[in-house]
Amino acid sequence: MNGKPKIIGVLTSGGDAPGMNAAIRAVVRTAIKRGIRVLGINNGYQGLIDGDVVEMDLRKVSNMLHRGGTMLKTARCLEFKTLSGQKKGRDVCLEMGIEGLVVIGGDGSFRGAGALTALGIPTVGIPGTIDNDIACTDYTIGFHTALNTVVDAIDRLRDTSESHNRCSVVEVMGHGAGDLALYSSVAGGGTSCWINEVGFDVETDIIQKMKRTLRTGKHNFVIIVSEGITDVHELALLIQERTGVESRATVLGHIQRGGNPCAYDRILASRMGYHAVEVLEQGIGNRVIVIQHDEITDLDINEALEMHSTVNRTMVDINNTINI
Ligand code: ADP
Ligand code: F6P
C-alpha cells in the first residue's frame with residue numbers, strides 16, 4: 001500500500017455509456033476538494049500509452065453532468081493487452097507523476113486496471129457499460145439510461161404496430177448479456193423475450209404464444225431479441241409466414257448508447273466516482289467500485305472478474321407471467 005497520491009489520472013475505456021461524464025466529474029471534484037491534482041487521459045489506454053493527457057480542474061467538468069458520451073473519448077487498445085503496452089502505460093504514469101488511476105469501463109478495462117496495479121500504479125475500476133454484464137455490481141453506469149431509451153423505442157413501435165395490427169421484432173444490445181433485453185421487455189410489455197441465458201424455442205415461445213394471444217383478441221405484438229442470437233429480419237419473416245401477422249424488424253443499434261444520462265445513472269456515477277477517490281486516497285489499488293443492495297462498496301478486481309453474470313430468474317418469470 002502506498003500513501004495518499006498527489007496526482008491521479010482518470011480515463012474511460014471500452015464502449016461509451018451515458019453517465020461516464022458524471023463519473024469523471026465526481027472523480028475530478030472529489031479529488032480536487034481533497035488536495036489531489038487530476039489528469040484526464042484521452043482515448044482510454046491508447047491515450048495512456050501515447051501520453052495524451054490534460055489537466056482537469058473544477059470548471060473543466062462544468063456542464064458535463066447531464067451529457068451522454070465521454071468528454072475524455074474512449075478507445076479499444078489492443079497494445080494494452082500486452083505486457084509491453086502495459087509497461088509503456090506505467091512509464092507514462094511515472095513520468096507524469098500519476099500515483100493512482102481511475103478507469104471507467106467494463107470488465108476488459110478492469111483487466112487492464114489489474115495489470116497496471118501489478119506494475120505499481122494503484123488503479124481502481126468503475127463499471128460503465130450499458131450491458132449491465134458485470135457480475136459483482138447490481139448495476140453499471142449507463143444501464144438505466146439505455147433501458148429508458150429502449151423502452152421509449154418500444155413504446156413508439158407499439159403505436160405503429162397497434163395501428164397496423166403488426167408484430168414488431170426488436171433487437172436490443174447487450175453483448176451476450178440479456179439484462180437490457182429482459183428489463184426492457186418487462187417495462188415495455190414484450191410478448192416474448194429471447195435472451196442467451198434462458199432456453200428458448202421459437203415455435204413454443206413465439207409462434208404458439210402469438211396464436212393463443214390472437215384468439216384472445218389481441219392483434220399487435222412486440223418481440224424482443226437480445227443481439228447476436230438470430231437475424232431479426234429473418235425472424236420477422238418467419239413469424240409472418242407462421243402466424244399470418246404482418247411483421248417488421250428493427251435493430252435499435254447505437255442509439256441505445258447515446259443520450260443524456262437519466263437521474264439514476266447520474267447519481268450512481270457520482271456515488272461511484274466519489275468512492276473511487278476515497279479508495280485511491282488511501283493508496284489502495286486493484287479495486288472495483290460496485291453497488292450492492294443500494295450500498296456503494298469496493299471489491300478486489302481479480303475476485304470480481306471471477307464472478308459470473310447471471311440473469312435475474314424472477315424477472316424472467318415475471319416477464320413470462322405478465323406479458324401474455
Ligand atoms: P470493456 O471494458 O467495455 O469490457 P473491452 O473488452 O473492449 O471493453 O476492453 C477495453 C480495453 O481494455 C481494451 O481495448 C484493452 O485496451 C483493455 N483490456 C481488455 N482486456 C485486457 C487484458 N486482458 N489486459 C489488459 N488490458 C485489457
Ligand atoms: O458493450 C457495449 C456495447 O454497446 C454492446 O452492447 C455492443 O455489443 C457493443 O458495445 C458494440 O460495440 P461497438 O462500439 O464496437 O460497435
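Readers should treat all values here as calculations from the given coordinates under stated rules, not as data from a laboratory. Not measured: the values here are computed from a predicted model. Cβ coordinates were reconstructed from backbone atoms using ideal geometry, including for glycine residues, and neighbour counts include every protein chain displayed.
Structure notes:
- Within the shell of other residues whose beta carbon sits under 14 angstrom from the beta carbon of residue 212, the net charge comes to +3, with Lys and Arg scored +1 and Asp and Glu -1.
- Computed over the chain, the per-residue total of -39500 (n - 2.57) for DSSP H runs of n ≥ 4 gives a 222 nm mean residue ellipticity of -13000 deg cm²/dmol, rounded to 500.
- Leading residue at positive end of dipole, segment 230-324 (Cβ point charges), from 267, 299, 321: 321
- Kirkwood Rh, Cα atoms: Rg over Rh of segment 1-135: 0.93
- Only Lys, Arg (+1) and Asp, Glu (-1) charged, at Cβ; segment 46-136 dipole about Cα centre in debye: 100
- Tilt relative to the chain, helix 20-33 - C-alpha long axis, 0 to 90 degrees, to 10: 30
- Net charge in the neighbourhood of residue 89 (other residues with Cβ under 12 Å of its Cβ; Lys, Arg +1, Asp, Glu -1) is -1.
- Here segment 129-204 is treated as an ellipsoid with the same Cα gyration tensor; its semi-axes, largest first and in whole Å, are 23, 16, 8.
- Antiparallel DSSP beta bridges within segment 7-117, percent to nearest 5: 35
- HN-Hα J in Hz across segment 309-317 - Karplus 6.51, -1.76, 1.60, θ = phi - 60°, x for Gly and Pro: 5, 10, 7, 6, 5, 5, 5, 4, 4
- With contacts taken as Cα pairs under 8 Å and at least 6 residues apart, the chain reaches a relative contact order of 24 percent.
- Within the chain: Cβ-based charge dipole about Cα centre, in debye rounded to nearest 20 (Lys, Arg +1; Asp, Glu -1): 820
- With Cα atoms, 0 to 90° folded angle of helix 263-281 axis to the chain main axis: 30
- Between 270, 192, 62, the residue with the greatest mean-square fluctuation in the GNM of the chain (Cα pairs under 10 Å linked by springs) is 62.
- Counting only the Cα atoms, the chain fills a convex hull of 120 Å³ per residue.
- Distance violations [Cα-Cα > 21 Å] among 60/81; 4/73; 4/33: 60/81; 4/73
- Unit charges on C-beta of K, R, D, E only; dipole of segment 130-233, Debye: 680
- Taking the convex hull of the alpha carbon positions in segment 165-324 and averaging its projected area over all directions gives 11.1 nm².
- Folded to 0 to 90 degrees: helix 232-243 orientation relative to the chain principal axis, Cα: 20
- DSSP beta bridges fully contained in the chain are about 25 percent antiparallel.
- Trypsin sites (Lys or Arg not before Pro) restricted to DSSP loop in segment 205-297 with at most 14 other C-beta within 10 Å: 218
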